[in-house]
Amino acid sequence: MNKVNYRKVAVIGCGFVGSSSAFALMQSGMFSEMVLIDVDKNRAEGEAMDISHGLPFVHPMRIWAGDYDDIADAAIIVVTAGAAQKPGETRLDLIKKNIGIYGSIMPEIKKRDCAGILLIVSNPVDILTYAAVKMTGLPQNRVFGSGTVLDTARLKYLLGEKLSVDARSVHGYIVGEHGDSEIAIWSSANVSGVPLSDFCALRSDIDLDACKSQISDDVKNSAYEIIAKKHATYYGIAMSVRRICSAIIRDEKSIMPVSTILHGAYGINDVAMSIPAIVGKNGVESLVPVSMNDAERDELNRSAAVLKKNMEGII
């Protein structure tokens, strides 16, 4: 197994999501080396050049277009490669196309005996996370997806706007599939420890039930709306990638809803989906048993069933 260079990150896939993630990681100051890999080598070279020209404004760093031999010692390998979601498509519509693309990428990763973390970002992220584990044979704690980290950020942002409070003081999670069957865990949501219902009582003009329904729909449909307007989403997920990488590189033990294969948690087995987990330098260290009511647990199991059904005959 290769020795990990904790100052090095690799990004596989230089489309909108990959290049935006690379740009966010360049600005973070976490790394001194970043290799960009794409099936279109010219695209990777162009992105490396363009991003490098901003280095005089931040921290010294080497950014280059490379190949799979360059990933062996990377602390984190971010995989964004895949067909993009188009207007009218769901994330699950991308399964066959992106499983095919992963069929060429994952064996290359497996050959390099990588010791770092494999962070899956391509959609459908839950199914591709499961596929990446099976195709690479890497330990499951070191292969996980960006999951509902962005969906949870959207929830916090929209709740903060509705409640006229800093989104960083809002605590709650979106769990399950990163997609149409995702679930907002309202029963344990709070604002700096104050239960959501109590905080809404301070804002007497807010109808909590209507607020929940509207925000759940807005979070779920955010990507569709953005894609309809500008044909792709990439800034939000790029910031999510940066946040996850920070938790790994700095060994923060941060709790975030990443996509990982479940083995009995909440009665769910052999499917990758998002559940809050402790994330640090070793990847997913343990799941966090977030409080859910019976209805939320039922919805989580339905979400798992949706993912399992869509994996049949493919993985």
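Summary table
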| read-out | value |
| --- | --- |
| Total residues in the stretch 8-23, condition out of contact with any Phe, Trp or Tyr (no Cβ under 6 Å at 6 or more places or on another chain) and under 12 Å from Ala84 (Cβ atoms) | 3 |
| Selection within the stretch 224-271 - under 15 Å from Phe144 (Cα atoms) and acidic (Asp, Glu) | Asp270 |
| Close pairs (7 angstrom Cβ cut-off, 6 or more residues apart or separate chains): under 18 Å from Gly46 (Cα atoms) and in the same structural domain as Asp40 (by TED's automatic domain parsing) in the stretch 62-81, buried (at least 24 other Cβ atoms within 10 Å of the Cβ) and among the polar types (S, T, N, Q) anywhere | Thr80/Ser21; Thr80/Ser122; Ala81/Ser122 |
| Criterion violated by Asn301 - all others in (1) under 17 Å from Thr129 (Cβ atoms); (2) without any contact (Cβ under 8 Å) to a residue 40 or more places away in the chain satisfied | (1) |
| Subset of the stretch 223-262 (residues that are among the small types (Gly, Ala, Ser) and assigned to a helix (DSSP H, G or I)) | Ala223, Ala228, Gly236, Ala238, Ser240, Ser246, Ala247 |
| Enumeration of residues in the stretch 119-164 that are of a type in the set (D, E, K, R) and under 18 Å from Leu287 (Cα atoms) | Asp126, Arg142 |
| So Gly313, is it over 26 Å from Leu94 (Cα atoms), free of Cβ contacts under 8 Å to residues at least 60 places away in the same chain and not hydroxyl-bearing (Ser, Thr, Tyr) | no |
| Residue that is farthest from Gly66 (Cα to Cα) [pool: residues in the stretch 16-46 that are of a type in the set (Val, Ile, Thr) and not in a helix (DSSP H, G or I)] | Val39 |
| Count of the stretch 288-315 residues which are touching a Pro at 6+ places or on another chain (Cβ under 7 Å) and either of a type in the set (Lys, Arg) or at pLDDT 95 or above (or both) | 1 |
| Counted residues, the stretch 263-277 - those being closer than 25 Å to Gly137 by Cβ and in contact with a Leu (Cβ under 8 Å, 6 or more places away or on another chain) | 9 |
| Enumerated helices (runs of 4 or more DSSP H) restricted to the stretch 85-170, each holding at least 2 residues that are touching a strand residue (DSSP E or B) at 6+ places or on another chain (Cβ under 6 Å) and crowded, with 19+ Cβ neighbours inside 10 Å | 125-136, 149-163 |
| Unmet criterion (only one of (1) touching a helix residue (DSSP H, G or I) at 6+ places or on another chain (Cβ under 9 Å); (2) surrounded by 24 or more Cβ atoms within 10 Å (Cβ to Cβ); (3) at pLDDT 95 or above; (4) within 20 Å of Cys14 (Cβ to Cβ)) for Ala74 | (1) |
| Count of residues meeting criterion [free of Cβ contacts under 8 Å to residues at least 60 places away in the same chain and basic (Lys, Arg)] in the stretch 82-116 | 3 |
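Table: residues versus (1) modelled with pLDDT under 95; (2) of a type outside the set (Phe, Trp, Tyr); (3) more than 14 Å from the chain's Cα centre (by Cα); (4) surrounded by 14 or more Cβ atoms within 10 Å (Cβ to Cβ).
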| position | (1), (2), (3), (4) |
| --- | --- |
| Asp207 | yes, yes, yes, no |
| Tyr234 | no, no, no, yes |
| Arg242 | no, yes, no, yes |
| Met273 | no, yes, no, yes |
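The values are calculated or read from the model by the stated rules, or taken from the named source; none is laboratory data. Computed from a prediction, not measured in an experiment: that's the story for all the values here. Cβ coordinates were reconstructed from backbone atoms using ideal geometry, including for glycine residues, and neighbour counts include every protein chain displayed.
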